[in-house]
Amino acid sequence: MSKLIEQPRYSCALGAQQSIIAIKRAVPILHSGPGCGDKINRLLGQGEGYAGGNTVPCTNASESEIVFGGESKLGTVIEGAFQVIDADLYVVLTGCTSDIIGDDVAQVTSRYQEQDKPIVYVETGGFKSNNYVSHETVVKGIIDQYVDKFKVGSHKIKRLVNVFATIPYQDAFWNGNLEEIKRILEGIGLTVNILFGAESQGIEEWKTIPQAEFNIVVSAWAGLEIAEHLKNKYDTPYTHFSYLPIGGLETTKFLRQVVAFGALDVDYAEAFIKKEEEKFYMHIERMADFMLEFRYGLPRRFYTILDASYAIGFSKYLLNELGILPTKQFIIDDTPEVFQGAIHEQFEKISEFRSAKVSFSIDAGAIQEEIRKDEHKSRGLILGSAWERDLATEIGADLLIVSVPVAYRLILNCGYAGYNGGLRVIEDIYGKVLDTYR
C-alpha cells in the first residue's frame, strides 16, 4: 500500500555527488537525467565548491539515451570534462535512467582508466538507496578503483589514522566538525587523514589510506561499512565511537577511547585533554551567572529531529552539561534495523539518572503532528531543520537549525563537534533566547 512521506531529510543515492564535491579538486560526472544534480544541490548544498552546483558535468540523459543507450554520450561528456576541468579525480555517478536501461558504465570508464586517467565509476541510481548508504559505496569505489593502485606492500605508517566521521553536506556542519575532530586527534599525537574539506590534503591524502595504522569511525552507523571494508582489504583495525562528541565530557571520553585503542602515549594525551578541559570549563564558568539569572526564561526541555549521530551527541550534551531535559527524540536518517537496538541503548542510559524515549521515522510531517499534541507548559527547544520554523513558532519553542535543509543559516566552518563545538552550541542556543527578550 502506498504511503505519503513528508519532508524527508536526505536525498536519493545520487546525493553522493556532494561527497565527491567535498574532496579537494575532485569532480563528479553525472550520467543522469537533467535536473537530478540540481535538486540534490538545492536540498543539501550551500556553495558550489571546486566543481559542484551548476558546474557538475552531466549527460542530461533523455528519451534518445533511454531508447538507444547513453554510453556514447557519457564518453563525450567524460572527454569534455577532461578538457575543461583541471581535477585530481573524476567520479562517474549513475542516475536512475542509466541504471534502469543498463548502460555499461564500467566499460566506458575502463577505457579511460586504461589510459591511467584518475577516474572511477559508482552506480548510484536513485532507487538503490539513500545518500547515507551511497556515501559509503562511493568511498569504497574510490578506494578499490583508484587508491588501491598506490598501495605499497603492507607497510603501516605509525600513528597515521583515517577518520570517517560525517557525510559531507548531508551534515551541514561537516567542514567545521571535521576540522575540530582533526585538531583534537592531532592534539593527542596522531597524524590524521580527514579526507574531506578544508583541512584535508586532497587526493594525496587518500593515497595513504592503506598505510594507516588504524581507522576511526565517529558515527552511529554510516561509515562502519567503509571501516569493515578496509579491515578486510588492508587488515586495518578500527575503533567505533557511535555519536558526535560534543562538549567536555563526551569529547574527553572519545579521545580516551582512541588513546586506549591505539596504545598512544597516555601522559602526552592527558596533558592535551587537561589543557582543553580547562579552557572549555573556564568559558562555562563565565556564564554561570547568566544561567542562574535567566533560569526561568531558558528552554527547559528539548526535541531532536536529527540523524542518529547528532541526536545522541546533542542529547548527552544538553542533558549532562547544560541541564536541559530530553522529551521524545526523533531520528530521521532511515537507520537500518540492525543498528537501532544500539541506539535505543544509548538513549536508555543517556545519563546516570535519566533515559529518553526515541523514535525512528522518516516522515517529518508525522513527527511534527506528534510534537504538536504534547503539552507545552515550559519553554522548549527544537533541534531540527528549517522546516521546523513554523512548528517552533506555534508551540513557542526556540529553534536551532542543525539538519538539512538549513535554508535560514549560512554555514562556512561552524561546527558542533568537540570542545569548541560545545561552546558554539551554547552561543547559538542562548543567543537565540536572548534575541527574544524585548
Inset, instruction - Would you tally the residues in segment 313-340 being under 21 Å from Glu6 (Cβ atoms), charged (D, E, K, R) and either under 20 Å from the mean Cα position of the chain (by Cα) or at pLDDT 95 or above (or both)? - result: 2
Inset, instruction - Could you name every one of the strands (runs of 3 or more DSSP E) located completely within segment 165-272 that has at least 2 residues being farther than 23 Å from Lys316 by Cβ? - result: 191-193, 212-218
Inset, instruction - Residues being out of contact with any Asp or Glu (no Cβ under 6 Å at 6 or more places or on another chain), within 19 Å of Gly323 (Cα to Cα) and open to solvent by 20 Å² or more (accessible area, probe 1.4 Å): count how many of those fall in segment 398-438. - result: 6
Legend entry - Residue among Val108, Val139 that alone is in a helix (DSSP H, G or I), touching a Leu at 6+ places or on another chain (Cβ under 6 Å) and at pLDDT 95 or above: Val108
Legend entry - Check on Leu93, part of a helix (DSSP H, G or I), of a type outside the set (D, E, K, R) and touching a Ser or Thr at 6+ places or on another chain (Cβ under 6 Å): no
Legend entry - Test result for Leu264, open to solvent by less than 60 Å² (accessible area, probe 1.4 Å) and touching a Gly at 6+ places or on another chain (Cβ under 9 Å): yes
Inset, instruction - Among the residues of segment 298-332, count how many are closer than 16 Å to Leu399 by Cβ and in a loop (DSSP other than H, G, I, E, B). - result: 6
Legend entry - Selection from segment 349-376 of residues that are touching a strand residue (DSSP E or B) at 6+ places or on another chain (Cβ under 9 Å) and part of a helix (DSSP H, G or I): Ala364, Ile367, Gln368, Glu370, Ile371
Inset, instruction - Can you tell me which residue among Ile101, Ile40 is modelled with pLDDT under 95, crowded, with 21+ Cβ neighbours inside 10 Å and in contact with a helix residue (DSSP H, G or I) (Cβ under 9 Å, 6 or more places away or on another chain)? - result: Ile40
Inset, instruction - Kindly provide the set of residues from segment 43-85 that are in a loop (DSSP other than H, G, I, E, B), touching a Leu at 6+ places or on another chain (Cβ under 9 Å) and open to solvent by less than 70 Å² (accessible area, probe 1.4 Å), ordered by number. - result: Gln46, Gly47, Val56, Pro57, Thr59, Ala61
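For every residue, the table says whether it meets (1) hydrophobic (A, V, I, L, M, F, W, C); (2) crowded, with 18+ Cβ neighbours inside 10 Å.
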{"residue": "Met287", "(1), (2)": "yes, no"}
{"residue": "Phe302", "(1), (2)": "yes, yes"}
{"residue": "Leu306", "(1), (2)": "yes, yes"}
{"residue": "Gln329", "(1), (2)": "no, yes"}
{"residue": "Asp333", "(1), (2)": "no, yes"}
Legend entry - Unmet criterion (only one of (1) over 22 Å from Ile21 (Cα atoms); (2) touching a Leu at 6+ places or on another chain (Cβ under 8 Å); (3) open to solvent by 60 Å² or more (accessible area, probe 1.4 Å)) for Glu199: (1)
Legend entry - Among (1) over 27 Å from Phe254 (Cα atoms); (2) more than 22 Å from the chain's Cα centre (by Cα); (3) at pLDDT 95 or above - the single one Val122 does not satisfy: (2)
Legend entry - Subset of segment 234-261 [farther than 26 Å from Ala308 by Cβ and either open to solvent by 30 Å² or more (accessible area, probe 1.4 Å) or of a type in the set (Val, Ile, Thr) (or both)]: Asp235
Inset, instruction - Go through (1) open to solvent by less than 60 Å² (accessible area, probe 1.4 Å); (2) modelled with pLDDT of 95 or more; (3) closer than 19 Å to Cys12 by Cα; (4) charged (D, E, K, R) one by one and return the number of the condition Asp88 breaks. - result: (3)
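The values are calculated or read from the model by the stated rules, or taken from the named source; none is laboratory data. It should be emphasised that the depicted structure is a prediction, and the values quoted were computed from it without experimental measurement. No Cβ is skipped: glycine too gets one built from the backbone with ideal geometry, and neighbour counts run over all protein chains shown. Heads up: the accessible areas ignore ligands, DNA and RNA and are worked out on the full protein's heavy atoms, side chains in. Shrake-Rupley method; radii C 1.70, N 1.55, O 1.52, S 1.80 Å.
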